[in-house]
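Enquirer: Take this structure first; my questions come after.
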């Protein structure tokens, strides 16, 4: 084998390896794109029936006790809407009208608006009030997946 044919073979091997790597990256990216279609953070208005059905299935859910007049609640809503576009977690955040759902507030022992309660099924996994940062809210929502 001559030196030039040896180097030509090496170049062909490198091209094949490079092509294989590029295809692998493309497959991963397509997989990530499609995974977002099947699992995502979703925001919905509170419905007792919808929450009960989701929790009976063992799904990850959250209740956000929200008041339109509350600046902290508006900041949380903005953060959650941004997370709704980027999160890969399959979780539904139900917005509970803080002013109208007084019995639910009492039952859940919610003392103030801007309270977020996260569940896996019917089990509470996290509770926080007044947090608006994406990191804090993400950590709370992720708690539904950290159960043992």
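Enquirer: Of everything in region 125-148 that's without any contact (Cβ under 8 Å) to a residue 40 or more places away in the chain, loosely packed, with under 14 Cβ neighbours inside 10 Å and in contact with a strand residue (DSSP E or B) (Cβ under 8 Å, 6 or more places away or on another chain), which residue is farthest from residue 81 (Cα to Cα)?
Expert: My answer is 147.
Enquirer: Hey, another quick one. Quick one: in region 66-93, of everything that is in contact with a strand residue (DSSP E or B) (Cβ under 9 Å, 6 or more places away or on another chain) and under 15 Å from residue 128 (Cα atoms), which residue is surrounded by the fewest Cβ atoms within 10 Å (Cβ to Cβ)?
Expert: Here the answer is 72.
Taken together, the values in this text are just the output of simple stated rules run on the coordinates, not laboratory data. A quick note: this is a predicted structure, and the numbers were derived from the prediction, not measured. Every residue, glycine as well, gets a Cβ built from its backbone with ideal geometry; the counts of neighbours run over all protein chains shown.
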